[in-house]
1. Enumerate the amide H contacts of B:LYS98 below 5 Å, restricted to partners 5 or more residues apart or on another chain; note that Pro and chain-start residues carry no placed amide H.
2. Along its three principal axes, how long is segment B:1-54 when you only count alpha carbons? Whole Å, largest extent first please.
3. Each residue of segment B:34-45 in turn: what ³J(HN,Hα) in whole Hz from Karplus with 6.51, -1.76, 1.60 and θ = phi - 60°, glycine and Pro shown as x?
4. Roughly how many Å is it from the Cα centre of segment A:55-86 to that of segment A:1-48, as a whole number?
5. Quick one: which of A:LYS57/B:LYS79; A:LYS14/B:LYS110; A:LYS71/B:LYS45 span more than 31 angstrom between C-alpha atoms?
6. Restricting attention to the protein assembly as shown, give the cysteines that have no other cysteine Cβ less than 4.7 angstrom from their Cβ.
7. Considering only the protein assembly as shown, what is the antiparallel percent among its DSSP beta bridges, to the nearest 5?
Amino acid sequence: NAGVTQTPKFQVLKTGQSMTLQCAQDMNHNSMYWYRQDPGMGLRLIYYSASEGTTDKGEVPNGYNVSRLNKREFSLRLESAAPSQTSVYFCASSDGGMGYQPQHFGDGTRLSIL
Amino acid sequence: RKEVEQDPGPFNVPEGATVAFNCTYSNSASQSFFWYRQDCRKEPKLLMSVYSSGNEDGRFTAQLNRASQYISLLIRDSKLSDSATYLCVVNSYNQGGKLIFGQGTELSVKP
């Protein structure tokens, strides 16, 4: 009964390094999302995938890329990490049409960029 | 104007108190509404969906007022374990139906 699983849970990077955040869901959901959460800013949508094979930009996509590898997996890549990308990253998934069903979240990746 | 606005609080209440949160949304075409809770930077968790007729789940009651475009959450008989940030969530038709999260209202329940 895992739900949404994110790896890693914590990561420290140096400026300019790259890394990929992994997300997998076992609920057979069509839609998947990546958010970042910063103090005082609330959740901001980075990218989303309404269905397997499609991805779209959210509110704050600059500096990130995504891959919807299959229906279960949606990864987020930082090509050249910057201190401004220090944040908590949450992956989420939802069933049915976008916006009609609630989203279910993973427990987050805490990322620090030095 | 933000699409979803909440009073950030904090609301400090004693155990057993009744507390109410309001949330306003700007898009009159919004169709889906939810309340989430988030504990201390952990993941948001769905508390309840909000239906047009209003709905109740134990000590929690959610109401929707479409005419005034606001949603409310009432918590009765507050417990220490209710201390968290409560997020109001609305779908946005002019952004492909994506969910828009409010910044949250912080609740602290004291003994």
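1. Answer set, sorted by chain and number: B:SER92.
2. On the principal axes, segment B:1-54 reaches 37, 27, 23 Å in Cα extent.
3. Karplus-based 3J(HN,Hα) across segment B:34-45 equals 9, 10, 10, 10, 9, 9, 5, 6, 7, 6, x, 10 Hz.
4. 8 Å
5. The answer is A:LYS57/B:LYS79; A:LYS14/B:LYS110.
6. Singleton cysteines: B:CYS40.
7. In the protein assembly as shown, DSSP labels about 90 percent of beta bridges as antiparallel.
A short reminder: the numbers here are calculations on the coordinates, not readings from a lab. The structure displayed is predicted, hence computed values, not measured ones. Every residue, glycine as well, gets a Cβ built from its backbone with ideal geometry; the counts of neighbours run over all protein chains shown.
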